[in-house]
Amino acid sequence: MAVVTGGGRGIGAAVCRRLAEEGAAVAVLDLDPEPAAQVARTLPGAGAYAADAGDRAEVEDVVRRVLARHGRIDVLVPCAGVMRGAPVTEMTDQNWTEVLTSHLTGAFTAVRAVTPAMTAQGYGRIVLISSIAARGIAGHVNYGTAKAGIAGMARSLALELGPRGVTVNAVAPGFIATRMTREGAERRGRTWEEHAAQAAAGTTLRRIGTPEDVAAVVAFLAGADAGYVTGQVIHVSGDP
Ligand code: NAP
């Protein structure tokens, strides 16, 4: 059984599809019930759960319901999160809190909620979503801070949960074609084609990434074959 937050769109939806292809039943958690239901409808054994990933009570309730229905949770992939960019002097407390809450508190809350079940099983795979923005991103101090925090979270949790049979890794995607990057094009007043071409040209592999590129690496880290890999941050960015 796998739980994917932010599973209704973009990278999260691709992760749901890929994990389902590999045989997992997937709990698709998203803020918006409709896209989550659309994803779940196409996947055998999947269920849709509407919840705010940054809300402790809502996430814990979803985990309780998934455990009541399936008895175990083997995989957790917290993908939910938003971008709210602004120069630092114009960044509001709300911008700051919304980004930190959706990404960092969201990942922490989900991990805390599934850890008792994974510990009891003596098995678990947690794959967090960082970003190349962890190395720094101008105009998004909230997002860069959150994604660097996710990398630190992966390493700390790997040390803490490894002795219980739980691996914790992160992937750090580069520029991936999703709503998040489409909104980036709009903010800069560029067409999607211009924005994507510029991102591709700045990448060693000369292309932007797809949600499926990320999902493939997440699926490897979430699978049995990655049992001796923990505390790693794997870049999926078309760059060294
Ligand atoms: P996306 O297309 O905007 O999808 C994000 C999904 O997360 C949406 O379904 C959204 O739901 C959901 N979500 C947002 N806040 C939520 C919350 N508080 N609770 C529950 N669900 C929530 O974005 P994406 O590009 O796939 O991003 C997925 C993850 O990859 C994020 O962590 C992002 O930071 C990371 N990432 C993306 C890129 C990239 O280039 N795209 C690069 C590096 C890292 P609604 O639609 O209902 O709002």
statement: Taking Cα atoms only, Rg over Rh for region 1-73 with Rh from the Kirkwood formula is 0.93
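Output the antiparallel fraction of DSSP beta bridges having both residues in region 1-96, as a percent to the nearest 5.
Numbers: 0 of 12 bridges.
Given both bridge residues lie in region 1-96, the antiparallel proportion sits at roughly 0 percent.
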statement: In region 26-175, taking the dipole from +1 charges on Lys and Arg beta carbons and -1 charges on Asp and Glu beta carbons about the Cα centre, the listed residue (163, 96, 116) farthest towards the positive end is 163
- line: Calculated from DSSP helices alone, with each H run of at least 4 adding -39500 (n - 2.57) and the total divided by the residues of the chain, [θ]222 nm to the nearest 500 comes to -14500 deg cm²/dmol
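Using mean Cβ contacts within 10 Å as the protection proxy, how do 20-31, 56-67, 1-12 order, highest first?
On the way: 20-31: 21.9, 56-67: 17.7, 1-12: 27.5.
Descending packing order for the listed peptides: 1-12, 20-31, 56-67.
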task: Evaluate Rg over Rh across region 135-239, taking Cα atoms for both radii and Kirkwood's formula for Rh.
output: 1.04
- prompt: Using alpha carbons only, how many degrees (0 to 90, rounded to 10) separate the axis of helix 10-21 from the longest principal axis of the chain?
  reply: 40
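Send over the Kirkwood Rh of the chain, from the inverse of the averaged 1/r over different Cα pairs, rounded to one decimal Å. Kindly include the intermediate steps, with their values, before the conclusion.
Numbers: mean 1/r = 0.0562 Å⁻¹.
One decimal place: 17.8 Å for the Kirkwood radius.
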- prompt: For helix 192-201, what angle does its Cα long axis make with the longest principal axis of the chain, in degrees from 0 to 90 and rounded to 10?
  reply: 90
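No lab work stands behind these numbers, since they all come straight from the coordinates. As the structure is a computational prediction, the values presented were derived from the model and not from experiment. We place every Cβ from the backbone using ideal geometry, glycine too, and count neighbours over all the protein chains shown.
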